[in-house]
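Below you'll find the structure, written out as structure tokens, and then a few comments.
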Amino acid sequence: ERATIERWIADEEESFGRTLERGTELLEKLIAQANEEGTSWIEAAEAFKLHDTYGFPYDLTKELLAEEGLSVDDHGFEELMEEQRQRARVGTATAHGSEDHHGAVLEFAKAAPPSRFVGYEKLRAETSLLALEPEDGRVLAKLEESPFYAEGGGQVADSGVVRWDGAAARVVDVYRVGDDQAMALELKGSGTEPAVGTRVEAEVDHLARHATMRNHTATHLLHAALRELLGAHVRQAGSAVRPDKLRFDFTHSSALSRDEVGAIEERVNDWIKGSHAVRALHMSREEAERLGAMALFGEKYGEWVRVIEVEDVSRELCGGTHVANTAEVGIFAIVSEGSSAANVRRIEA
């Protein structure tokens, strides 16, 4: 990846150069203001704004001020930094309020035999209830065989229903626990919880699953189109596949032009119209690498992997659900293209 790394380092250097230029300009105004007012310092809040809003390093602010015989209140700056850290901590604590819930799901899943996922082959299964536990107005459950896809690899969990003895529960979430899974159920009406061992009928929401499959296959086509039109430096850097839309993050350092967006859209639609077969292949990781299957950086793969092959278009390691033929995707339309992080672009489609 030498060429990509060199280009990104150059971009970072150029970006930081602009930061220094802008910061120096603002600092010169503050120095002029201090000289006008006859003070020997500038406000800590001003130095903090330079650091926080414009990314101008505080050490550099102090150095440039010292050259002009001026100072800044270190203690005041540190207080403002601590306030910001506190705000970040509070935000993180709120965002991570699900940690206790996560632990409860893990414990629940471990305490029962593993659930076997059969959702690649079928969307409805007659099976047994392995475990059940009330949690926060919902019920955690495990099925012996589950047709429900657990959230993972960027794809959202399936929704659907579990029925037994004339009663039913709505599947509101499916949690991935390694190769195992657990579900959150909401009882419908005034139904009573089923007992462990009860025979149940588990059925995936067919329309939502098919819409999600269409969007997931479309992300593989989009990935292939981006690499073909922008270059081999393009790598998937995250995705979200839902029934209503897809989001795809990829490594690239500059915004796409309108012509590039149009060309990518057209290429994907050409492959859709081409009715290419989509197959799931199971093989050793070594064999997948030999075939040139794309792997996601940071993902953990076992010795045996699942490869999604879009005939004559792409091969990617993927555990998600896909349509059998690209024609099922329908029409592909890019809704937006923008920046997601440094050197990472985001497409929603």
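A few comments on the model shown:
- Here segment 317-329 is the region considered, the condition is being in contact (Cβ under 8 Å) with a residue 60 or more places away in the chain and open to solvent by 30 Å² or more (accessible area, probe 1.4 Å), and the residue that is farthest from Thr217 (Cα to Cα) is Gly319.
- For segment 21-53, a residue qualifies if it is in a helix (DSSP H, G or I), in contact (Cβ under 8 Å) with a residue 24 or more places away in the chain and open to solvent by less than 50 Å² (accessible area, probe 1.4 Å), and the qualifying residues are Gly23, Thr24, Leu26, Leu27, Ile31, Ala34, Ala44, Ala47, Phe48, Leu50.
- Within segment 269-286, residues that are in contact (Cβ under 8 Å) with a residue 24 or more places away in the chain and part of a loop (DSSP other than H, G, I, E, B) reach partners that are hydroxyl-bearing (Ser, Thr, Tyr) and open to solvent by less than 60 Å² (accessible area, probe 1.4 Å) with beta carbons closer than 8 Å, at six or more positions or on different chains, in the pairs Gly274/Thr326; Ser275/Thr326; His276/Thr326.
- The number of residues in segment 158-190 being outside any strand (DSSP E or B), open to solvent by 30 Å² or more (accessible area, probe 1.4 Å) and on the phi < 0 side of the Ramachandran plot comes to 4.
- Test: Ser314 is touching a residue at least 12 places away in the same chain (Cβ under 8 Å), polar (S, T, N, Q) and open to solvent by 50 Å² or more (accessible area, probe 1.4 Å): no
- Residue within segment 80-101 that is open to solvent by 40 Å² or more (accessible area, probe 1.4 Å), assigned to a helix (DSSP H, G or I) and modelled with pLDDT of 90 or more present: yes
- Options Ala109, Ala202, Ala141, Ala125: the member that is modelled with pLDDT of 95 or more, over 30 Å from Thr219 (Cα atoms) and either surrounded by 19 or more Cβ atoms within 10 Å (Cβ to Cβ) or under 23 Å from the mean Cα position of the chain (by Cα) (or both): Ala141
- Criterion (of a type in the set (D, E, K, R) and closer than 28 Å to Val234 by Cα) met by exactly one of Glu36, Glu28, Glu6: Glu6
- Residue within segment 226-234 that is basic (Lys, Arg) and farther than 30 Å from Arg124 by Cβ present: yes
- Candidate set from segment 54-78 (those that are under 35 Å from the mean Cα position of the chain (by Cα) and not in a helix (DSSP H, G or I)); member that is farthest from Asn35 (Cα to Cα): Gly55
- Lone unmet requirement of (1) touching a Phe, Trp or Tyr at 6+ places or on another chain (Cβ under 7 Å); (2) assigned to a strand (DSSP E or B); (3) open to solvent by 30 Å² or more (accessible area, probe 1.4 Å) for Ser239: (3)
- Selection of segment 330-349 for residues being open to solvent by less than 40 Å² (accessible area, probe 1.4 Å), assigned to a loop (DSSP other than H, G, I, E, B) and not aromatic (Phe, Trp, Tyr) yields Gly330, Ile334, Asn343, Ala349.
- Residue satisfying condition, being modelled with pLDDT of 95 or more and hydroxyl-bearing (Ser, Thr, Tyr), within set Thr212, Thr192: Thr212
The values are calculated or read from the model by the stated rules, or taken from the named source; none is laboratory data. Just so you know, these numbers come straight off a predicted model, no measurement behind them. All Cβ positions, even for glycine, are placed from backbone atoms using ideal geometry, and neighbour counts span all protein chains on display. Side chains included, ligands, DNA and RNA excluded: accessible areas come from the protein's heavy atoms. Shrake-Rupley method; radii C 1.70, N 1.55, O 1.52, S 1.80 Å.
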